[in-house]
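The values are calculated or read from the model by the stated rules, or taken from the named source; none is laboratory data. What you are looking at is a predicted structure, and each value in this text was computed from that prediction instead of being measured. Ideal geometry is used to build each Cβ from the backbone, glycine not excepted, and the neighbour counts take in all protein chains shown.
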Amino acid sequence: MGGNPHNSSELLPFTLTGLPGLETSQHWVFLLLGTLYTVSIVGNGLTLFIIKEEQSLHQPMYYFLSLLSVNDLAVSFSTLPTVLATFCFHLQKISFDSCMAQMFFIHLFSFIESGILLVMSFDRYVAIYNPLRYATVLTGSRVVCMGVAVITRSFCMVFPLPFLLKRLPFCKANVLSHAYCLHPDLIHLPCGDITINNIFGQFIVISSFGLDSAFILLSYVLILRSVLAIASWEERLKTLSTCVQSHLCAVLMFYVPMVGVSMVARYGRRAPQYVHTLMSLIYLFVPPMLNPIIYSIKTKEIRRRLCKILLGTKFK
């Protein structure tokens, strides 16, 4: 793949890489990643099962949590095939179209997660600001419409990415920095003009992650104002603990690694490769793994049902 440009229509494959410097420990690395996958898949699967079976959880907050769990499962399954192939079977080649498809789904589910966290923050605001009208404001049909809007917006934003990449010539060795395909990694490989790609990439990041995080911050300002209107400090702390603590943890787990990945990609180009790889692993693996754990710990109904499933005992 020397210096001559190759149009992507020739379907040149990409080479996936694992963790640089740890090639001799690939099986141990996959054991660690396999554990993270197992916790994520089992945890989110149990969360969905409990919400389905527990009648008291059939309300808007837990419908959004179900959507978050489905999305976290999708994130795990979108990276699993190539991670398994790279670390366990040492199969590092991936076709151009397969790479584009994986990139599309990974970023699609990232955008969806941001949107879900936004509607969940709105849900928490309504629950605290006007609890008596909560059921009438967030009806089943509105919950469905909000979910469909999040998915549709995310799809429309991510859909052009593979086509914008596919039009470019590739003249470098198509070696990726990870065991999966990410747009910030792929965008450095073409030898053509990537101005449009960069502009569009920045546009969708600002108009989704940027706006979502701004609206989430606004919702927490409004939530805090509503909580401070409560007379006693005990009631204030109880409201914050029961209504927003889990969601705040989920927001921080999603946005902090994402900002870290963006900062390293933009300003840390001289940083060792393992720093980039580690940040992307945290971004893609930690939220799907920890979300069900946090909601299981903080939600009494989920915690009680989970103990009954795992231990066969009731938990108060």
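A few notes on this one:
- Of the helices (runs of 4 or more DSSP H) entirely within the stretch 51-168, those holding at least 2 residues that are within 14 Å of the chain's Cα centre (by Cα) and more than 21 Å from His247 (Cα to Cα) occupy 60-87, 96-129.
- Of the set (1) surrounded by fewer than 14 Cβ atoms within 10 Å (Cβ to Cβ); (2) of a type outside the set (D, E, K, R); (3) modelled with pLDDT under 90, all apply to Val227 but (1).
- Single condition His247 does not satisfy, out of (1) surrounded by fewer than 16 Cβ atoms within 10 Å (Cβ to Cβ); (2) in contact (Cβ under 8 Å) with a residue 40 or more places away in the chain; (3) in contact with a Lys or Arg (Cβ under 9 Å, 6 or more places away or on another chain): (1)
- You will find that of Leu218, Leu252, the residue that is surrounded by 12 or more Cβ atoms within 10 Å (Cβ to Cβ) and in a helix (DSSP H, G or I) is Leu218 and no other.
- Within the stretch 270-284, not a single residue is closer than 19 Å to Met120 by Cα and either touching a helix residue (DSSP H, G or I) at 6+ places or on another chain (Cβ under 8 Å) or of a type outside the set (A, V, I, L, M, F, W, C) (or both).
- Odd one out for Phe104 among (1) buried (at least 16 other Cβ atoms within 10 Å of the Cβ); (2) at pLDDT below 95: (2)
- In this structure, Met120 qualifies as in contact (Cβ under 8 Å) with a residue 60 or more places away in the chain, surrounded by 22 or more Cβ atoms within 10 Å (Cβ to Cβ) and aliphatic (A, V, I, L, M).
- Residue that is nearest to Thr15 (Cα to Cα), among those in the stretch 186-214 that are surrounded by 12 or more Cβ atoms within 10 Å (Cβ to Cβ) and of a type in the set (Ser, Thr, Tyr): Ser208
- Per the listing Arg225, Arg303, the residue uniquely basic (Lys, Arg) and farther than 19 Å from Tyr62 by Cα is Arg225.
- Filter result for the condition that a residue is over 23 Å from Leu73 (Cα atoms) and in a helix (DSSP H, G or I), over Ser213, Ser241, Ser296: Ser241
- Candidate set from the stretch 1-46 (those that are modelled with pLDDT of 90 or more and of a type in the set (Phe, Trp, Tyr)); member that is nearest to Pro292 (Cα to Cα): Tyr37
- Residue that is within 22 Å of Met258 (Cα to Cα), surrounded by fewer than 22 Cβ atoms within 10 Å (Cβ to Cβ) and of a type in the set (A, V, I, L, M), where the choices are Leu132, Leu161: Leu161
- Among the numbered conditions (1) in contact (Cβ under 8 Å) with a residue 12 or more places away in the chain; (2) under 23 Å from the mean Cα position of the chain (by Cα); (3) within 18 Å of Thr299 (Cβ to Cβ), the only one that Phe30 does not meet is (3).
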